[in-house]
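Asker: Supplied in structure tokens, the structure appears directly below.
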Amino acid sequence: MHDLDERSEETGGGDPDGIDTRSDEPAGGDPGGIDARSDEVAGAPAGIDADLARVAAVLLEDRVVRRVIKQHRQLPGIGLQVPHARCFALSRADLERLVERDELGVDLHALPDDLVIFGGSRALLAAGDPSELARAWRVIFHARVHQALDARARTGAITAASVRARIHRIGQTEFDEIRAVLRQEDLLLPPAGDTATYIEFAALYLELRAFAPRTLGRTFPTLDAARVDAAIALDVDAAALLAASRPARALDLPPDEPPAATVPHEAGAAATGDPARAAGAVTVVDRSARKRAGRARYKGNRARAAILALRAGDRDAARGDLDALCERLARAVGSPAPGAGWTAALLPVAEAVAAAPFVRYTPGVRLLADLQAACVVAERDVQEVDVAGWLVSRRRRPLVRSLPATREVRVAKHLHAAARKLAEHKLAGGDHDRVAAVVHDLVERADQHVRVVLRPKIDAALDAVALHPRNLPERVAQKKLVDELLDRAVEVGQLSLGNLRDAISHNDLKLPDLTRARLRSGDELLRCDDALSRSLDGVYRRGEIYLRLLQKISSILFGTPLGRLLTLYMILPLLGSYIVFQGAHHMVGAIAKHVIGREARIATPARIYAGAGFLFLLLHAPV
């Protein structure tokens, strides 16, 4: 999550692979091991509620705050996980209706009509803890901005047209980013239209500007602060609300200072002399990131090391990590060396991720993670534990066996996944086109590598069962058959008996007649199915027993002279006629019984035999 609550603003954003660089410990924790957020503290003076009453705020337990929000907004679902749970603004009548008297601890009649509720530690506030008082001031100010803007919206001072004008001042692209940040932070209460989004943004922006200015640039990196200040100043007097929200004994805020997380784009470009840097690169100062980058580099996670190196301000180290990543990608897709410009194209992606205040699960992080995963898959031996196969084979098959055939297919799968992230991850200028060109180049190389590695194994399986082409059309058909199987392996990543049967039936490479010696072991299709299940273990899945049984029956009916004779001249005509008349009987008989009072006899033996004769002529008489 962004640095939007009471946590320290001096910490950096999260990093990929599930590690968040920020501390989750609340400020002002109790060193004695007592939960500082508990309200069950004996002897807490009643003066706390009186001090908060002066700023029209009521301190409640966290669970009560969440319950009030859920009931006031009539949010669906079970449980008390609600958005915007730090604070809430509502009327005194609504609070009296939603809260029990013993949960308040204060006389509501002595409070103004418009109130702010928030959760916190009564013990720390009573002790005058500076961190807890600053946190209370912060959430009260946030809610008071809500109050002021909601009141203007109710009176018509803020309309849909005025909100559109504010969005135009801020910028539509910037406002889309604002909406995404608020949704990630779970701060938008329904209905989350443009007006509600603008009000929530104004409250959050003013809160960060007053209490955490160093995090403002990391939370909204693309905003022009001057334009935003001018737009919000049209609707709310932030200075007056800030003074009116200050609890007693709260310390003065530090003087305003510019955000330390970013440098202007032009300054960053001038410092590096890199045109790609001028497109929006951001230098993030995170002293602890350098050490974590070294650990990630030692473990081989070059994508994560590059991101952390950029957060530490070490762009040369990040470029070196991306160079190593591209070399591993080249080996993974069977290329002798990386393509031209791979590192230069991936560097803006890592810079955009490192500059963002929240890097977990963003499209850029997932794109780099897919590239890293492709390298890992290519360098590791994939193994499978097959207890069932080991038992069925009476311990002849290994319990743990390697699946080398899956390596190239899994590499291609991860690169295809990276290509799908391109639509979600947009970069400025021509950076996006360069990244897309590199990723698509990797995908094409990976697909070609799958074909190069798997083709000899499929050819060997066809040769092992003596499924040889005997003339030029059959040689062309065999190549087309193998190409169809390879296309399926690239597209889906798995082959089966159905794919093999369909590929053979689509082409002119026909199976020979079934001999008595092959009747027991199976025809060429079944033997090729068994051979591919061994040579392409993990990619090719052997047909299930019922499919193999059906194939054996069909090979007897169509793969022997006697079977074809019986099938073409007896079974198909008789069975087809029987199915047609029985179907008509079941469809028309019930209607006839309802209309004429008796069931019509349609499927009579004479009609079935006559229909069989008609189908026989259709199958064998050209006229």
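The values are calculated or read from the model by the stated rules, or taken from the named source; none is laboratory data. Since this is a predicted model, take the numbers as computed values, not measurements. So basically every Cβ, Gly included, is an ideal-geometry build from the backbone, and we count neighbours across all protein chains shown. Quick note on the areas: whole protein, heavy atoms, side chains included, nothing else; ligands and nucleic acids left out. Shrake-Rupley method; radii C 1.70, N 1.55, O 1.52, S 1.80 Å.
Conditions (1) of a type in the set (Asp, Glu); (2) open to solvent by less than 10 Å² (accessible area, probe 1.4 Å), marked per residue:
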| site | (1), (2) |
| --- | --- |
| Ala356 | no, no |
| Thr362 | no, no |
| Ala374 | no, yes |
| Asp381 | yes, no |
| Arg396 | no, no |
| Val400 | no, no |
| Glu408 | yes, no |
| Val411 | no, yes |
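To keep it simple, each residue is scored yes or no on (1) surrounded by fewer than 22 Cβ atoms within 10 Å (Cβ to Cβ); (2) out of contact with any helix residue (DSSP H, G or I) (no Cβ under 9 Å at 6 or more places or on another chain); (3) closer than 24 Å to Tyr198 by Cβ; (4) modelled with pLDDT under 85.
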position: Val41; (1), (2), (3), (4): yes, no, no, yes
position: Val55; (1), (2), (3), (4): yes, no, no, no
position: Lys70; (1), (2), (3), (4): yes, yes, yes, no
position: Leu125; (1), (2), (3), (4): no, no, no, no
position: Ala134; (1), (2), (3), (4): yes, no, no, no
position: Asp150; (1), (2), (3), (4): yes, no, yes, no
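Asker: Still on this structure: Give me the pairs: first residue in the range 136-154 and free of Cβ contacts under 8 Å to residues at least 60 places away in the same chain, second residue polar (S, T, N, Q) and assigned to a helix (DSSP H, G or I), beta-carbon distance under 8 Å, and six or more apart or on different chains, which are they?
Answerer: Cβ pairs passing all conditions: Ala153/Thr195.
Asker: Here are some conditions: (1) part of a helix (DSSP H, G or I); (2) more than 22 Å from the chain's Cα centre (by Cα); (3) in contact (Cβ under 8 Å) with a residue 12 or more places away in the chain. Leu391 meets all but one. Which one does it not meet?
Answerer: Leu391 satisfies all of (1) part of a helix (DSSP H, G or I); (2) more than 22 Å from the chain's Cα centre (by Cα); (3) in contact (Cβ under 8 Å) with a residue 12 or more places away in the chain except (3).
Asker: I'd like the residue in the range 310-340 that is without any contact (Cβ under 8 Å) to a residue 40 or more places away in the chain and farther than 27 Å from Glu408 by Cβ and, out of all such residues, is most open to solvent (accessible area, probe 1.4 Å).
Answerer: Checked the range 310-340; the qualifying residue most open to solvent (accessible area, probe 1.4 Å) is Asp316.
Asker: Please pick out the residue among Ala318, Ala309 that is over 22 Å from Asp433 (Cα atoms) and in a helix (DSSP H, G or I).
Answerer: Ala309
Asker: Let me ask something else. Would you mind stating whether Gln494 is open to solvent by 20 Å² or more (accessible area, probe 1.4 Å), of a type outside the set (A, V, I, L, M) and modelled with pLDDT of 85 or more?
Answerer: yes
Asker: Another question, then. Given the options Asp114, Asp194, name the one that is more than 31 Å from the chain's Cα centre (by Cα) and open to solvent by 40 Å² or more (accessible area, probe 1.4 Å).
Answerer: Only one candidate passes the filter, namely Asp114.
Asker: Separate question: Among the residues of the range 50-67, what is the count of those that are more than 13 Å from Leu115 (Cα to Cα) and either free of Cβ contacts under 8 Å to residues at least 12 places away in the same chain or not in a loop (DSSP other than H, G, I, E, B) (or both)?
Answerer: So the answer is 7.
Asker: I'd like the residue in the range 559-603 that is in contact with a helix residue (DSSP H, G or I) (Cβ under 7 Å, 6 or more places away or on another chain), in a helix (DSSP H, G or I) and over 30 Å from Leu525 (Cα atoms) and, out of all such residues, is least open to solvent (accessible area, probe 1.4 Å).
Answerer: The selected residue is Ser577.
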